[in-house]
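Below: one structure, written as structure tokens.
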Amino acid sequence: MSSSLEQIKAVKDALPQHVAIIMDGNGRWAQQRGKLRVLGHQAGVKAVRKVVSLATQLELKSLTLFAFSSENWRRPEEEVSSLMNLFLSVLQREVKKLKNNNVRLRIVGDTSRFSDKLRQRIQAAEQMTADNDGLILNIAANYGGRWDIAQAAQQLAQQVAEGTLQASDIDEQALNQQIAAESVADIDLLIRTGGEKRISNFLLWQMAYAELFFSDVLWPDFDEQAFAAALACYVQRERRFGCTGEQVRKLLISNSMNEENFA
Ligand code: IPE
Ligand code: IPE
Ligand code: MG
């Protein structure tokens, strides 16, 4: 492990618990090499392995990867179908490794539009890793942040119609419990590769207080060093959650004093 990774490990307590990544730039990576876009997506799988491996080594709690957005259906049919095939084969190939590495795999998104075969494989992969208690790996597939909020609202409306919930009891907590990616909780660090500086309808609700990190690296070139650089940048940030910087620093000092007393 290189020295910068060692340094990251040294500040483990300050690392984000939940990292989400918009894995962008596969198409441009391929085009720059005169290759078909699908080869960029295939090359992107290697980068996925690298970030999952580092997240496991660093014992991050959860990692959420944006694999296919609800808007990506707008792409040419052949690109969509090659992405679906890739998804199928990667699920098949990688799930055993995830199981052995204590990774719990979850697919987040509207899977109803996927083929029966893909849905069955998703279910099998989730079941195979369900008892793992290491890294939670969420793959956002046919996911849209607005879809997530709308489906949560629909479930709450259903409960009101059935008389099990009062409309006046609908608050942030109630909505949070119905959000599809609720189980992975708030995002601490969002990374987007590929140079674009936008959210593209990713986890809108869960991103309320995320630290944002944009990288120009195209996804297939994103490796442990690039991930470590994003984590190092996060560690330097001061998260205030609406407080003043002074309040946050006081809180950090009193927390560290309590820890010393505890030890
Ligand atoms: C991200 O890479 C992967 C998916 C959206 C599935 P892109 O395919 O968007 O790559 P660029 O942005 O065209 O380079
Ligand atoms: C976002 O990338 C979706 C994924 C990475 C899966 P896009 O490449 O689809 O985003 P836009 O269209 O450029 O905003
Ligand atoms: Mg893109």
- request: Say whether the condition of being of a type in the set (D, E, K, R), within 16 Å of ligand 1 (Cβ to nearest atom), in contact (Cβ under 8 Å) with a residue 60 or more places away in the chain and crowded, with 16+ Cβ neighbours inside 10 Å is met by at least one residue in the stretch 170-190.
  value: no
query: Which condition does Thr164 not pass, out of (1) over 27 Å from Leu88 (Cα atoms); (2) touching a residue at least 24 places away in the same chain (Cβ under 8 Å), if it passes all the others?
result: (2)
query: Could we say that Ser200 is among the hydroxyl-bearing types (Ser, Thr, Tyr) and at pLDDT 95 or above here?
result: yes
message: Name the single residue that is surrounded by the fewest Cβ atoms within 10 Å (Cβ to Cβ) among those in the stretch 237-246 being under 20 Å from Asp186 (Cβ atoms) and not acidic (Asp, Glu).
response: Gly242
- line: Restricting the stretch 95-114 to residues that are of a type in the set (Lys, Arg), surrounded by 15 or more Cβ atoms within 10 Å (Cβ to Cβ) and touching a strand residue (DSSP E or B) at 6+ places or on another chain (Cβ under 8 Å), the one farthest from Gln178 (Cα to Cα) turns out to be Arg104
So Phe227, is it among the hydrophobic types (A, V, I, L, M, F, W, C), closer than 30 Å to Ile253 by Cα and at pLDDT 95 or above: yes
message: For the stretch 32-52, which positions are within 13 Å of ligand 2 (Cβ to nearest atom) and more than 24 Å from Leu137 (Cβ to Cβ)?
response: Arg37
query: So which residues in the stretch 28-66 are among the small types (Gly, Ala, Ser) and in contact with a Phe, Trp or Tyr (Cβ under 7 Å, 6 or more places away or on another chain), if there are any at all?
result: Gly40, Ala43, Gly44, Ala47
message: Return the residues of the stretch 115-125 that are of a type in the set (D, E, K, R) and surrounded by fewer than 15 Cβ atoms within 10 Å (Cβ to Cβ); say none if nothing qualifies.
response: Asp116, Lys117, Arg119
message: Return the residues of the stretch 53-78 that are surrounded by fewer than 17 Cβ atoms within 10 Å (Cβ to Cβ) and among the small types (Gly, Ala, Ser); say none if nothing qualifies.
response: Ser53
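The values are calculated or read from the model by the stated rules, or taken from the named source; none is laboratory data. All values derive from a computational prediction rather than experimental measurement. FYI the Cβ positions are ideal-geometry reconstructions off the backbone, even for glycines, and counts take in every protein chain you see.
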